[in-house]
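First up is the structure itself, then whatever we jot down about it.
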Amino acid sequence: MEVMCMVSCGRYTRPHFNLLLLIILQFGLHTVDGVWPLPQTFTSSAERYPLSPQALYFVYGSQSAAQQGCSVLDAAFKRYFSLIFPDYTSGNGVLRFSDGKPFIVEVSVDRDDCEGYPNEDSSERYNLSVCAGQASLNAQTVWGALRGLETFSQLVYEDDFGTYFVNKTEIDDFPRFQFRGILLDTSRHYLPVKAILKTLDAMAYSKFNVFHWHIVDDPSFPYQSSTYPDLSSKGAFHPMTHIYTQSDVRRVISHARLWGIRVLPEFDSPGHTLSWGKGQSDLLTPCYSGSTPSGTFGPVNPVLPSTYKFMGRLFKEVSSVFPDSYIHLGGDEVNFACWKSNPDVRAFMQKMGFGADFTKLEAFYMENIMNITLALNKTSIVWQDVFDYHEQRSSLSVVEVWRDGCYLCEVRRVTKAGLRVILASPWYLDKPGPTHNWARYYTVWPLAFKGSEEQKKLVIGGEVCMWGEYVDATNLTPRLWPRASAAAERLWSDEKQTSSVDKAFPRLQEFRCKLVRRGIQAEPLYVGHCKHEYQGL
Ligand SMILES: *[C@@H]1O[C@H](CO)[C@@H](O)[C@H](O)[C@H]1NC(C)=O
């Protein structure tokens, strides 16, 4: 049986299948219905195999480095069983007895990396072969195996009589970009932990792999620091109910890990820090009106040694709480008016020879913060403002491009300086808008700038931003989905195969119904219906 399968579906015959695929695509007979984002290479045929909840088994391959007891895969097998048979696990389904023929999904990974965390170098490549009444999934890492299980779950469909099937399929898949993120802002509105966990689930369905947690900002400081507990007890909207305790944070990180998602914390400074000042006196710059303090505060005070001592201790804590090797340091939208008004800051400028150029002061501040995180072995990400201001660029490593306008011009400049780029500008999804403009987020071409191959390689990915001014747990999900999925396909799939909005539309509609079926309140794209409408009211 196994040999037969190798011969008829394995790599020996792949060239053949690719040819067949070309023909299929040409005549539009079959597409990979409902797999979103589109896999890099695939073939499928009309040969199909029935599946039933009584006889679907996920097993570890005998040659696999990960054997029984791999926490990531064990948890994934359970989750995907429920996702494939939603009625069965919710108790709504009619229990039908299968003919007893088991359908086995054999999962093999080259590396036994079950206990670790996904990181910037983790391979997410997988090969999925559904053939002769069984499936085999091979990946280099458990993170790749997770992506393959997601694809497998999307291949399974139910006919009108409630029987589940999966067609004969061969897929070789890997992401186009390594960094595919979603930013949530928990400062402008507090998001309950449950809302974050649910977003992580939905992210995995679209193969996103980074949760950028913009955890604090001007309006509130919900992160409960063990070193500086006053930051949240005085700076959160509420010191008990609107905070993230250390155990909340651990819960988010471990939930994300089980989906192969990295958690990237952002502690944005020196601007966007008003809430920090409530729990930490002398941290913010006192603004002056004429020769007297006005009673208001500006950005972090860059002239006091105590500032860097505080930041050093805070980032030391943050670096050990969040396992990811990246940390986001912000550095955007610093308002210089307060610094300008303060006589101590002006004296410092003089002493340092900065003249009247406050961008030099910001660069000086960021340089100090980046040195702190560098010493903690973290790779720092900053918003593009820091690149724009920074003369000495050697200490920068990853720049996130967010400003509107000619963002590809900025991508070109940053990569020309030899720095890595994450692109966010075209994916500000917090701005409300009709769902049908999902195509705006789809027709983005991140590498369409003049530059060398080396420059293009420096574009490590992109990010959907969901800022929180107008977003809380009531509208987060429909505002994100399915529009974020459009960005997800742009970041995962081959650009040439996914350049047509018209071709993508029916597949995205089907995927959106799949999200709804999984309990995600994804907005409709246009007139139509799902076989299973949203029931979670
Ligand atoms: C799966 O098989 C059925 C019939 O066996 C066919 O109608 C359908 O088009 C196939 N789907 C794909 C994606 O090949």
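The values are calculated or read from the model by the stated rules, or taken from the named source; none is laboratory data. All of these numbers come straight from a predicted model, not from anything done at the bench. For neighbour counting, all protein chains shown are included, and Cβ atoms are generated from backbone atoms with ideal geometry for every residue, glycine included. Please note that ligands, DNA and RNA were not included when accessible areas were found on the heavy atoms of the full protein model with its side chains. Shrake-Rupley method; radii C 1.70, N 1.55, O 1.52, S 1.80 Å.
Structure summary
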| quantity | calculated |
| --- | --- |
| Share of carbon and sulfur in the accessible heavy-atom surface of the chain [1.4 Å probe, %] | 55 percent |
| Sequence of Lys496, Lys340, Lys360, Lys514 when ordered by accessible area, the most exposed leading, probe 1.4 angstrom | Lys496, Lys340, Lys360, Lys514 |
| DSSP beta bridge pairing in the range 275-428, given as percent antiparallel to the nearest 5 | 30 percent |
| For the range 242-321 and the range 207-223, distance of Cα centres in Å | 12 Å |
| At R0 = 60 Å, FRET efficiency that the Cβ-Cβ distance of Leu197 and Ala46 yields, to 0.05 | 0.95 |
| The chain, dipole about Cα centre (Lys/Arg Cβ +1, Asp/Glu Cβ -1), debye to the nearest 20 | 180 debye |
| Listed residue pairs exceeding 25 Å between alpha carbons, taken from Lys416/Lys503; Lys194/Lys457; Lys431/Lys456; Lys309/Lys457; Lys278/Lys316; Lys194/Lys531 | Lys416/Lys503; Lys194/Lys457; Lys431/Lys456; Lys309/Lys457; Lys194/Lys531 |
| The range 31-173: antiparallel DSSP beta bridges as a percent of all, rounded to 5 | 65 percent |
| Leading residue at positive end of dipole, the range 31-173 (Cβ point charges), from Val59, Pro39, Tyr126 | Val59 |
| Partners for Lys378 among aspartates and glutamates (Cα-Cα distance below 15 Å; same-chain residues under 8 apart left out) | Glu120, Asp121, Glu266, Glu317, Asp324, Glu367 |
| For the chain, share of DSSP beta bridges that run antiparallel, in % to the nearest 5 | 35 percent |
| Cα-based equivalent ellipsoid of the range 207-332: semi-axis lengths in Å, sorted from largest, via gyration tensor | 29, 15, 13 |
| Structure-based [θ]222 nm, the chain - -39500 (n - 2.57) summed over DSSP H runs of at least 4, per residue, nearest 500 | -11000 deg cm²/dmol |
| Relative contact order (percent, whole number), the chain, Cα cutoff 8 Å, 6+ residue spacing | 14 percent |
| Per residue accessible area in Å² of the range 312-377, where ligands, DNA and RNA are left out and the probe is 1.4 Å | 43 Å² |
| Protection proxy ranking, peptides 142-148, 195-201, 347-353, 306-312, average beta carbon neighbours within 10 Å, highest first | 142-148, 195-201, 306-312, 347-353 |
| Solvent-accessible heavy-atom area per residue, rounded to whole Å², over the range 31-173 at 1.4 Å | 41 Å² |
| Size of charge dipole - the range 31-173 - debye, nearest 20, with Cβ of Lys, Arg +1 and Asp, Glu -1, no other charges | 380 debye |
| Stokes-Einstein D for the chain, Kirkwood Rh over Cα pairs, 10 °C, 1.306 mPa s (µm²/s) | 64 µm²/s |
